Amino acid sequence: MDPKIFREYDIRGIVGTQLTEETVSLISRAIGTFFVRHGVGKVALGYDARASSPGFSRGMCDGLNSCGIDIVLIGRVPTPVLYYTLYSRDVGGGIMITGSHNPPDHNGFKICLGTQALFGEQIREIGNIAASGEFADGIGGVESEDVLAQYCDEIRARISTGDRRLKVVIDSGNGMGAVTAVPVYKDLGMDLVELYSEPDPNFPHHHPDPTVEENLQDLISAVREHKADVGIAFDGDADRIGVVNENGRILWGDELMVIYSREVLKDYPDATIIGEVKCSQTLFDDIAAHGGKPLMWKAGHSLIKAKMKETGAVLAGEMSGHMFFADRFYGFDDACYAGARLLEILSKTERPLSQLTADLPKTYSTPEMRMECPDERKFNVVSAVAEHFSNDHDVITIDGARIKFEHGWGLVRASNTQALLVLRFEADTAEHLEEIEEVVGNFLLDLNGAVPLREAVEAARKSGDKLALADALTALANVERRPPLTRAAALRTYSEAAQLFHELDRPLDEAWVLRHIGIVYEYLERLELAEEYYDRALAMYRQHSEDDLNYANAVRYPAVIKERLGKRDESAALWQEAHDRYRQCGIEAGIKESATHIEALKKI
Ligand SMILES: [Zn+2]
């Protein structure tokens, strides 16, 4: 069995290779043994709409029964319904079989002991039991229960809508969200427009992950088209919510939390409210300004739920859309309920959703950025960042390093689940945001070996050797241009190099650098500027022609950008020229790519 399936927050893997009938049998007996060891005799079991889920559910029943565990089988449900069963039925834990928002060939198990989701050490304990092969012995039974209807009734009973009739678009992404949200929201009197309500394990329309902007495009269009008041999206197993306002603008988790916390604080004036470490400073400030006690905590739904229990917090939320209400609800993450709370708030005001947070100070922030970093290094990088910046900044190290700057903050944290650093930045102006990103970005680059490149630049600068300096600058900029944080620095470094090559009258070197300035602008989605630099580079090649790969590339890049800018004729001519040049230097990939584009541009 692949030990990698035992992850920080769940057991998860690819069906057919990592998760087979055999491994599920082992996993289920390991989970059963874990429950026996923790004094649990009866658990709830639910599963999502994935093709492999019903089979895994049968395997799980057999395995748990063979350890002497009784099962309350609640069938195909969204994850929050499983959580609900933990509170409403006499069970000592539960298992949800779901791949959440992951691709169709993935599946997994979210496990709860009591009402708390397992994480870290407890999941490793199950892994160890599975590896040992020493399982508990016994005889258990299965009783089926329909919890779904009661769950829907209870949410309806706990929500009291006002007079305003709302038009609501919901996008379940062919996941499990509609199973509960459609009947509940209809009963709450909403005028519903449904997108992709039918559970379909192949997710034919888009991935059911509302943290990815691309996945919200259909929802945004539908909200605009139907002039709806709000759009609500769910992730695959409906424990995470995504929201767009009446203008089609996305509200990320922290902005949504501002709306929820203001409401909750009306009933619980000095309540503790938890936001994870990636949330905007405006959330924490807003909670305090409304009399609440803001608490910043680690990202991860299991960790948040544990902290809520410890602190008695009445509300918590994550950027990812996990929202936890404990004021009039059970405190677990439930997107159907969170959506209902938003509808309740909106139905009692005449103001559009966009106005509810219009008074927040405007800040500039990046989305969550990911930077690859090997597992064995990522925590060391975070420690080095914390140590370096704590010399002259406040650094919060609850989860990663959140560095406080005069005009904003930057976060560098190690992903618990992937070989990645997760980065986020926020500041009061766009300029300050860029500054903060660059300061942190430069330090990360230095950790990654950029120090000698900077030293080479300094040495060349001192020596007065222009060519050596231009070369050293180019080498540094080549490294700066890749990570998202140092692209502004790369533009400056390349520009200085271009100027030097110009003074040295080395047009082909200058052209190479100009093309790479274009590449950085293209990364930054500033297409007109990219086009300008590509054109300049190409003009220089034309004048000082050399039949080599650099020339072919100098033709290719403007061909790409002009196609993106809709300049089809110019693009087609350039692709033809690139094609000929790639042929001359025998570059297969270039020949193929250009041929494809020539064909595509001929059509239509
Ligand atoms: Zn989920």
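Laid out as a table, the results:
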{"read-out": "Residue pairs, from the table Lys167/Lys307; Lys110/Lys186; Lys4/Lys298; Lys186/Lys305; Lys567/Lys592, whose Cα atoms sit over 25 Å apart", "value": "Lys167/Lys307; Lys110/Lys186; Lys186/Lys305"}
{"read-out": "Exposure proxy ranking, count of Cβ atoms within 10 Å, fewest first, for Cys279, Cys152, Cys112, Cys585", "value": "Cys585, Cys152, Cys112, Cys279"}
{"read-out": "Highest to lowest packing among 75-86, 471-482, scored as the average C-beta count within 10 Å", "value": "75-86, 471-482"}
{"read-out": "Positive minus negative residues near Leu421 (Lys, Arg vs Asp, Glu; Cβ under 15 Å)", "value": "+1"}
{"read-out": "Proportion of all alpha-carbon pairs of segment 1-103 beyond 21 Å (%)", "value": "29"}
{"read-out": "Ranking of Asp547, Asp239 by count of other Cβ atoms within 10 Å, fewest first", "value": "Asp547, Asp239"}
{"read-out": "Pairwise centroid distance, computed over Cα atoms, of segment 56-115 with segment 354-406, Å", "value": "35"}
{"read-out": "Calculated diffusion of the chain, Stokes-Einstein form, Kirkwood radius summed over Cα pairs, 10 °C and 1.306 mPa s, µm²/s", "value": "59"}
{"read-out": "Diffusion coefficient, µm² s⁻¹, Stokes-Einstein with Kirkwood Rh over alpha-carbon pairs of segment 503-604 at 4 °C and 1.567 mPa s", "value": "96"}
{"read-out": "Antiparallel bridges, percent of DSSP beta bridges restricted to the chain (to nearest 5)", "value": "55"}
{"read-out": "Under 12 Å, Cβ to Cβ, from Arg506 - net charge with Lys/Arg +1 and Asp/Glu -1", "value": "-4"}
{"read-out": "Ranking of Glu455, Glu121 by count of other Cβ atoms within 10 Å, fewest first", "value": "Glu121, Glu455"}
{"read-out": "Fraction of antiparallel bridges per DSSP, segment 3-146 only, in percent to nearest 5", "value": "45"}
{"read-out": "Burial order of peptide ranges 388-396, 423-431, 52-60 (average beta-carbon count within 10 Å, highest first)", "value": "52-60, 423-431, 388-396"}
{"read-out": "Distance cut-off 17 Å, percentage of C-alpha pairs in segment 95-134 lying past it", "value": "43"}
{"read-out": "Compactness of segment 158-361, expressed as Rg and Dmax over alpha-carbon positions, Å", "value": "15.8, 46"}
{"read-out": "Where trypsin sites (Lys or Arg not before Pro) fall in DSSP loop in segment 182-243, at most 11 other Cβ within 10 Å", "value": "Lys227"}
{"read-out": "9 Å beta-carbon shell around Leu188, net charge (K/R +1, D/E -1)", "value": "0"}
{"read-out": "Relative contact order (%) - the chain, alpha-carbon pairs under 8 angstrom, separation at least six", "value": "8"}
{"read-out": "Alpha carbon convex hull of segment 364-432, projected area averaged over orientations, nm²", "value": "4.6"}
{"read-out": "Residues whose placed amide H lies under 5 Å from that of Thr272, excluding near-sequence neighbours", "value": "Lys293, Val314"}
{"read-out": "Cβ crowding within 10 Å averaged over residues, with 377-386, 490-499 ranked highest first", "value": "490-499, 377-386"}
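Every number here is computed from the coordinates shown, using simple stated rules; none is lab data. Keep in mind it's a predicted model, so treat the numbers as computed, not measured. Here the Cβ is made from the backbone with ideal geometry for all residues, glycine too, and neighbour counts use every protein chain on show.
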